[in-house]
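*Asks:* The structure follows.
The values are calculated or read from the model by the stated rules, or taken from the named source; none is laboratory data. As the structure is a prediction and not an experimental result, all values here were calculated from the model. Note that each Cβ is placed from the backbone with ideal geometry, even for glycine, and that neighbours are counted across all protein chains shown.
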Amino acid sequence: MQGLKGKNVLVTGGSSGIGQAIAVRFAEYGANVAINYLGRPEEAKGTEDQVHACVEKVQQEGVRDALVQGDVSREDDVVKMVEQTVADLGGIDVLINNAGIQISRPSHELSSDDFEKVLAVNLRGAFLCAREAICRFLDAGTAGVVINVSSVHQLIPKPSYLGYSVSKGGMQNLTRTLALEYAGQGIRVNSIGPGATTTPINRSWVDDPEKKTMVESHIPMARPGTADEMGGVACFLASDDAAYITGQTIFVDGGLTLFADFREPWSSE
Ligand code: NAD
């Protein structure tokens, strides 16, 4: 992919799942990656090992990586995390807002603490990281890129996951508003909207054959996505091939947002 070699990329929530796959994909294309982890550095070790392996595989001498601790919902952590990325990699060109959580509870039983916790990580965290990255882009005169990892639930309501649905709905306007505000400075802001993807966040159905079959029955392409398939689209959006795309969400969902219930016409006949 054009224009990724030598770019400095910060991936939040980079120690597992989609974030890990995104970090590895960027390294494959010759980008330097700062891998954010929440708690202990060992969490991010698996991603770092894979980054090193693929760097050796593609013989990208000089590709650097850094492990950066931080809770994206904490403003002081985010400021430090972006500072450390710039110090360790020499700058920041691409931010991937990937860190996310979900809490399941019927909405009438949902505590305000749990509602706010999800918004704090998924939406406030994405705002804080974007703000700090955009400040750096503007200071350096960089045509930077922000990519938000949203969800099909930006569009499709998710009952019993109110905080999650609201956070991803908000992410669409975060994407569109920042895209409009900074287009004049050459800064692009886009989202990917994964469908059901095989990652740790989906432990409840990934390892249960019966539940997995049920999930697959709702997906037009009849299978979950892989984290690597999300990584490929994130890299595309950060690349020069997407130089004229801003403010958009690309759903990477095997057709989940196509209203699968309408596969067979059931009205107007
Ligand atoms: P995951 O649980 O493997 O990844 C989430 C990551 O976020 C973890 O590495 C975790 O440590 C990190 N994280 C959580 N809270 C954090 C915080 N406060 N600060 C920093 N990091 C924090 O699951 P995943 O599926 O890879 O999820 C990644 C993103 O993809 C999330 O935003 C999720 O909403 C989105 N997504 C996933 C799916 C799916 O089916 N897996 C579908 C749509 C969207």
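*Asks:* Among the residues of the stretch 199-221, which ones are over 22 Å from SER15 (Cβ atoms) and exposed (fewer than 12 other Cβ atoms within 10 Å of the Cβ)? Break it down stepwise before answering.
*Replies:* At the first step, the residues of the stretch 199-221 found to be over 22 Å from SER15 (Cβ atoms) are 208-221.
Answer for the stretch 199-221, where residues must be over 22 Å from SER15 (Cβ atoms) and exposed (fewer than 12 other Cβ atoms within 10 Å of the Cβ): PRO209, GLU210, THR213, MET214, SER217.
*Asks:* I need the full set of residues from the stretch 222-247 which are in contact with a strand residue (DSSP E or B) (Cβ under 7 Å, 6 or more places away or on another chain) and more than 22 Å from GLY13 (Cα to Cα), in order please.
*Replies:* Across the stretch 222-247, the qualifying residues are ILE245, THR246, GLY247.
*Asks:* Within the stretch 159-197, which residues are surrounded by fewer than 19 Cβ atoms within 10 Å (Cβ to Cβ) and either within 10 Å of the ligand (Cβ to nearest atom) or among the aliphatic types (A, V, I, L, M) (or both)?
*Replies:* Within the stretch 159-197, VAL166, LEU180, ALA183 meet the criteria.
*Asks:* Quick one: in the stretch 35-44, of everything that is touching a residue at least 12 places away in the same chain (Cβ under 8 Å) and assigned to a helix (DSSP H, G or I), which residue is surrounded by the fewest Cβ atoms within 10 Å (Cβ to Cβ)?
*Replies:* Filtering first and then ranking leaves PRO41.
*Asks:* Of the conditions (1) over 20 Å from PHE26 (Cα atoms); (2) crowded, with 18+ Cβ neighbours inside 10 Å; (3) among the hydrophobic types (A, V, I, L, M, F, W, C), ALA227 fails just one. Which one is it?
*Replies:* Failed condition: (1).
*Asks:* Report the residue count in the stretch 73-93 for those that are crowded, with 18+ Cβ neighbours inside 10 Å and closer than 24 Å to GLY169 by Cβ.
*Replies:* 2
*Asks:* Sticking with this structure for a sec: Return the residues of the stretch 230-250 that are within 15 Å of the ligand (Cβ to nearest atom), in contact (Cβ under 8 Å) with a residue 60 or more places away in the chain and out of contact with any helix residue (DSSP H, G or I) (no Cβ under 8 Å at 6 or more places or on another chain); say none if nothing qualifies. Break it down stepwise before answering.
*Replies:* Residues of the stretch 230-250 that are within 15 Å of the ligand (Cβ to nearest atom), as a first pass: 230-234, 237, 249-250.
Now drop any that are not in contact (Cβ under 8 Å) with a residue 60 or more places away in the chain, which leaves 230-232, 234, 237, 249-250.
Residue satisfying the conditions is LEU237 alone.
*Asks:* Another question about this same structure. I'm checking my understanding of the structure. Among residues of the stretch 15-51 that are in contact with a Phe, Trp or Tyr (Cβ under 7 Å, 6 or more places away or on another chain) and within 9 Å of the ligand (Cβ to nearest atom), which one is modelled with the highest pLDDT? Write out each step before concluding.
*Replies:* Let us first name the residues in the stretch 15-51 that are in contact with a Phe, Trp or Tyr (Cβ under 7 Å, 6 or more places away or on another chain), namely 15, 33, 43-44.
Checking the rest, the ones that are also within 9 Å of the ligand (Cβ to nearest atom) come to 15, 43-44.
Details: SER15: 95, GLU43: 91, ALA44: 91.
Checked the stretch 15-51; the qualifying residue modelled with the highest pLDDT is SER15.
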